[in-house]
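The structure appears below as structure tokens.
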Amino acid sequence: MERSINSVLNQSFQNFEILLIDDASTDGSTQKINEFSDPRIRVFTRTELGPGGYAARNLGIERAQGEWVALLDADDEWYPNHLEKMNNLFLEYPEVYFMSCGWQTLKGDIKKENKFYNKHKKREA
């Protein structure tokens, strides 16, 4: 989880808020969340476990104050220019209401990319 949060805090595009949703976790992540002191971080707690994570996402979307919402799970991370690229796409295509991106998975030294990522990875926003 720390890796995920740090990947957002270290973005080249810095105009964002971070909403962390504690989805009734019992793994000690609440204590780790409280170690972060960045004023852009807001923490919300659900007391009953949400099936599949959708309830936590819905709470975050409901409480978001920004114009756009980007979702990131606790075991994922972004490249340092992810939000900058997404913002540049929005500036280039302001009529768009939804944006998405491809992803890579890393297991040990093996990196896999999904088809969408491979198709568009050379495009610079």
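Where a number appears in this text, it was derived from the coordinates with a stated rule and is not lab data. Quantities reported herein were computed from a predicted structural model and do not represent experimental measurements. No Cβ is skipped: glycine too gets one built from the backbone with ideal geometry, and neighbour counts run over all protein chains shown.
General remarks:
- Springs join every pair of Cα atoms under 10 Å in this Gaussian network model of the chain, and among GLU35, GLU17, GLU67 the largest mean-square fluctuation is at GLU67.
- Applying 1/(1 + (r/R0)^6) with r as the Cβ-Cβ distance of LEU89 and THR45 and R0 = 22 angstrom yields a FRET efficiency of 0.10.
- Percentage, to the nearest whole number, of Cα pairs in segment 60-125 over 20 Å apart: 37 percent
- The alpha-carbon atoms of segment 1-83, seen along their principal axes, cover 35, 26, 22 angstrom, with the largest extent given first.
- Distance between the modelled labels on PHE98 and ALA70, one decimal in nanometres: 1.9 nm (7 Å Cα→Cβ projection).
- Residues considered: ASN87, ASN114, ASN15. Largest GNM mean-square fluctuation over the chain, using C-alpha springs under 10 Å, is found at ASN114.
- Taking the chain and dividing mean pair separation by its residue count, relative contact order in percent (alpha carbons under 8 Å, at least six apart): 29 percent
- Remark: spin-label model distance TYR117-GLN31 equals 3.3 nm, labels positioned 7 Å along the Cα→Cβ axis.
- Between the helical axis of 54-63 and the longest alpha-carbon principal axis of the chain there is an angle of about 80 degrees.
- Positive-end extreme of charge dipole, the chain - chosen from ASN81, GLN31, ILE5 (charges on Cβ): ASN81
- Most mobile of GLN11, GLN65, GLN104 in a GNM of the chain (Cα contacts under 10 Å): GLN104
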